[in-house]
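Please read the structure below before turning to the comments.
Every read-out reported here was derived from the displayed coordinates using simple, explicitly stated rules and does not represent laboratory data. All values reported here derive from a predicted model rather than from experimental measurement. A quick note on method: Cβ atoms are made from the backbone with ideal geometry, for glycine too, and the neighbour counts reach across all protein chains shown.
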């Protein structure tokens, strides 16, 4: 190994260490920013080292690519709204996967030009894997993006024979790969493989409902890592393998957490076309004969303002109504009155893992007030008042008690154990899962009807008057 | 199976374990930044894209390579910047600026 190659190899090793150390620093909000910066330094070093590689002789096209990519990336990163974070991460996943697929396609085209005989088994297998995983990540991510952004309907898109067709596409991909690896590097079949891979990404995401997108985004995150990893096998570069598998495992862990929070298996999420996709679009209406107690701002303010402890349960409805800043104002006001305020965050409160925490952090709520489900559930029995803003299924006690309920077994926030419950909600409509919530009819529950933002603002002005 | 492939697989398995180990320690409150940060790291495919693009005189592979460089750079630059933007918002106390 000559000097330049050694320098490159050692720089890659340093970059890999910085990635792992950077992620480790993400274990606490206090050090997370430095962790991200270290990972970015690692990436910069890896890119710089690659540029001195002897394989690279021409820089003009590279520079064009880097400049365009950096501009698009930077502008998107600064402009994106925090509520739109899931679709942005989705799109970025897609770009990462797409890049890996393109690298593998280009390698295939180059190698096929160099020799007439079959290419090495290792190389051709990893090329096929890289193309399939990368292309599926690319097209799947953009369908997920479309669903989250509202360009495509959030409802599961299904048609007769869908599962059979999907299975056939997948089987064709396997057969084509085997043929291309072992028998002949036929160009038409190769392009067919590329096309079918992109098609499969689309077909794989369209039957999944909007409410399940957190799982899909996490899974595609894992895929984008795996795509980079397989591309690493193709170009025989260890840094791609290391970084790719780190991302792959991160995505896997998050996927597993999301599935557990919804009490569903990954297979159920991917293949069951579950949920209506749009909040409030549930078909089952309240039966009407059960009594619902509603309160006005003044009464709600009395209960909140004179409580000793309050737990606020935010759901995506709060974020959709842009009520975060009003909620922060309410929190500060209650704290100044000596009320102990905490937030209960369900793992699927937002549209991606940890999304709600980011939305509340954006509203300048200190992260020390935000509590995970397991920590806060033990506190509800001693809580004077729980204020639910735009959450529904994650507080439905049917998940604990009603075996016939579709959400039975899903871990929920035990809001029903609090001494008083105030629920801010537009109407009695059902949530994502389209199921009734008996909590609304609990004698301890007061429904505070209206839009999240206006209602919290009214609450703020009433508490001020106390 | 070639030695390179075996070496690659070894590194892959060990890196997966290292990843599972460090990522399991990340608290739920940081899961979104973790994901976007990890996302930026998956832009490492840029290395492969650079190698493909810079190799020879312009061919069809170069065009694919340039698109790959653009995609991966969006992923890297956008991912790290947006993660930084998010992490900047996480404060311990409201007064802390």
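Any chance you could list P(r) for the stretch A:291-465, counting all Cα-Cα pairs in 5 angstrom bins from zero, rounded to whole %?
All Cα pairs considered, the percentages come to 1, 9, 19, 24, 24, 15, 6, 2, 0, 0.
Once R0 is set to 56 Å, what does the formula 1/(1 + (r/R0)^6) return for the Cβ-Cβ distance between residue A:164 and residue A:428, expressed as a FRET efficiency to the nearest 0.05?
0.90
Can you tell me the Rg and the Dmax, both Å, for the Cα atoms in the stretch A:328-409?
When restricted to Cα atoms, the stretch A:328-409 yields Rg and Dmax of 14.1, 45 Å.
Could you please rank A:369, A:240, B:6, A:334, placing first whichever residue has the fewest other Cβ atoms within 10 Å of its Cβ?
With the fewest neighbours first, A:369, A:240, B:6, A:334 line up as B:6, A:369, A:334, A:240.
Given the convex hull over the Cα atoms of the stretch A:203-261, what projected area results after averaging over all orientations, in nm²?
4.2
So which residue, out of B:15, B:72, B:49, gets the largest mean-square fluctuation from a GNM of chain B using Cα contacts under 10 Å as springs?
Among B:15, B:72, B:49, the largest GNM mean-square fluctuation belongs to B:15.
Suppose R0 equals 51 Å. What FRET efficiency, 1/(1 + (r/R0)^6) with r the Cβ-Cβ distance, do residue A:369 and residue A:186 give to the nearest 0.05?
0.25
Take the alpha carbon atoms of the stretch A:1-79, find their radius of gyration, then divide it by 2.2 N^0.38 Å using N residues; give the quotient.
Rg over 2.2 N^0.38 Å, computed on Cα atoms: 1.31.
Give the span of the stretch A:181-229's Cα atoms along each principal axis, as three whole-Å numbers ordered largest to smallest.
43, 24, 13
By count of other Cβ within 10 Å, fewest leading, how are A:384, A:212 ordered?
Exposure proxy ranking, most exposed first: A:384, A:212.
Take the Cα coordinates of the stretch B:34-90, assign each an equal point scatterer, and use the Debye formula without solvent to give log10 I(q)/I(0) at q = 0.22, 0.28 Å⁻¹.
Log-scaled intensity ratios, in q order: -0.74, -0.97.
Take residue A:438 and residue B:88, extend 7 Å from each Cα along the Cα→Cβ direction, and tell me the distance between the two endpoints in nm.
4.9
Take B:1, A:446, A:187 and order them by how many other Cβ atoms sit within 10 Å, fewest up front.
Lowest to highest Cβ neighbour count: B:1, A:187, A:446.
Report Rg/Rh for the stretch A:373-466, rounded to two decimals, where Rg is the Cα radius of gyration and Rh the Kirkwood radius.
In the stretch A:373-466, Rg relative to Rh is 0.98.
Report the Stokes-Einstein translational diffusion coefficient (µm² s⁻¹, integer) for the stretch A:95-277, Rh taken as the Kirkwood radius over Cα pairs, at 20 °C with viscosity 1.002 mPa s.
Using the Kirkwood radius from Cα pairs, D works out to 127 µm²/s.
Could you calculate the FRET efficiency of residue A:111 with residue A:71 from 1/(1 + (r/R0)^6), where r is the beta carbon distance between them and R0 is 45 Å, rounded to 0.05?
FRET efficiency, residue A:111 to residue A:71: 0.90.
At 0.36 nm per residue, minus the direct Cα-Cα distance, what do residue A:175 and residue A:45 gain on full extension? Give it in nm, one decimal, please.
So the extension gain works out to 42.8 nm.
At what distance in nm do the modelled label points of residue A:153 and residue A:31 sit from each other, each positioned 7 Å from its Cα along Cα→Cβ?
Reported label-point gap for residue A:153 and residue A:31 is 4.9 nm.
Just counting partner chain Cβ atoms within 10 Å, what average do the residues of peptide A:39-52 show around their Cβ?
4
With everything on Cα atoms, drop me the angle between helix A:3-25 and the longest principal axis of chain A, reported from 0 to 90° to the nearest 10.
With both axes taken from Cα atoms, the answer is about 10 degrees.
Given 10 Å bins starting at zero, what is the percent of C-alpha pairs of the protein assembly as shown in each, up to the one with the largest pair distance?
Distribution as computed: 4, 18, 27, 23, 15, 9, 4, 1, 0 percent.
Using only Cα atoms, tell me the angle between helix A:85-114 and the longest principal axis of chain A; keep it within 0 to 90° and round to the nearest 10.
10
Largest first, please: the extent of the C-alpha atoms of chain B along each principal axis, to the nearest Å.
Taking max minus min along each principal axis of the Cα atoms, chain B gives 57, 33, 14 Å.
At 0.36 nm per residue, and after removing the present C-alpha to C-alpha distance, how many nm does the segment from residue A:294 to residue A:408 gain when stretched out fully?
Gain on stretching residue A:294 to residue A:408: 38.3 nm.
Using the Kirkwood formula over every pair of different C-alpha atoms, what hydrodynamic radius in Å results for the stretch A:147-254?
About 15.8 Å for the stretch A:147-254.
For n ≥ 4 DSSP H runs only, could you compute -39500 (n - 2.57) per run for chain A, divide by its residues and tell me the 222 nm figure to the nearest 500?
That comes out to -19500 deg cm²/dmol.
Could you work out how far helix B:3-23 tilts from the main Cα principal axis of chain B, as a 0 to 90 degree angle to the nearest 10?
That helix lies at roughly 10 degrees to the long axis.
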